[in-house]
Amino acid sequence: MAHKPAISLNIKNKKFGNHLIFKDFNLEISKGDTIAILGPSGIGKTSLLRILAGIDLEYEGEVLIDGIHPLKAKIPGVLFQEPRLLPWETSLNNIRTINKKITKKRAIELLWEVGLKGFEDFLPWQLSGGMQKRVAFARAISFN
């Protein structure tokens, strides 16, 4: 039986503006593998994660997660360096707006798990930077 990678990328061409980020980029990651993506600023680390998360679809090629397109696959959440919270939404709604399938009860539990009990109705500007990152983390793990 042939080995089938959990994640398979075959990106023929990916540009950011006029800048070519990936050309003939191929990567296979098996279930259970741990990888690190390292490199200088502007090399495409975040672009790669955005492609894997199904956020960026502007590329030529094929990306499969467990044999399925990222938009249809069950993928882990992505946590970017900046929290990227919706400024008009509460902590609770920053989770529920992005993950429409999560219940209010589960979103509250996640906020409590990251130490934000009592901050469900706070807007991002009312939270410290660390608290904002914890909301973003709760949002990312809400997909699991």
Ranking H69, N18, N93 by how far each Cα lies towards the positive end of the charge dipole of the chain (+1 on Lys and Arg Cβ, -1 on Asp and Glu Cβ), the top one is N93
What number do you get for the range 10-144 when its Cα radius of gyration is normalised by 2.2 N^0.38 Å, N = residues? 1.18
Using a 1.4 Å probe on the protein heavy atoms, what percent of the accessible area of the chain belongs to carbon and sulfur? 56 percent
How much net charge surrounds G115 when only the other residues with a Cβ under 15 Å from the Cβ of G115 are counted, with Lys and Arg +1 and Asp and Glu -1? +1
Built amide H within the under 5 Å cut-off of N13, gap 5+: D24, E60
Pull out the extension gain between L20 and R84, defined as 0.36 nm times the separation in residues minus the alpha carbon to alpha carbon distance; nm, one decimal. 20.5 nm
Take the range 79-120, compute every pairwise Cα distance, and split them into 5 Å bins from 0; I just need the percent in each bin. 5, 24, 30, 29, 11, 1
Listed residues I68, I95, I37; largest mean-square fluctuation, Gaussian network over the chain with Cα springs below 10 Å, found at I37
Given K74/K100; K23/K74; K72/K101; K15/K74; K31/K105, the pairs whose alpha carbons are separated by over 20 Å: K23/K74; K15/K74; K31/K105
In what sequence, highest mean first, do 129-140, 105-116, 7-18 appear when ranked by Cβ atoms within 10 angstrom? 129-140, 105-116, 7-18
Using only the Cα atoms of the range 97-138, what do you get for the radius of gyration and for Dmax, in Å? 9.9, 27
Could you compute the net charge surrounding L79? Neighbours are other residues with a C-beta less than 9 Å from the C-beta of L79; K and R count +1, D and E count -1. +2
Roughly how many Å² is the accessible area per residue of the range 48-88, as a whole number, for a 1.4 Å probe? 65 Å²
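The values are calculated or read from the model by the stated rules, or taken from the named source; none is laboratory data. Please read these numbers as outputs of a predicted model, since none were measured by experiment. When we count neighbours, we look across all protein chains shown, and the Cβ atoms used for this are built from the backbone with ideal geometry, even at glycine. Side chains included, ligands, DNA and RNA excluded: accessible areas come from the protein's heavy atoms. Shrake-Rupley method; radii C 1.70, N 1.55, O 1.52, S 1.80 Å.
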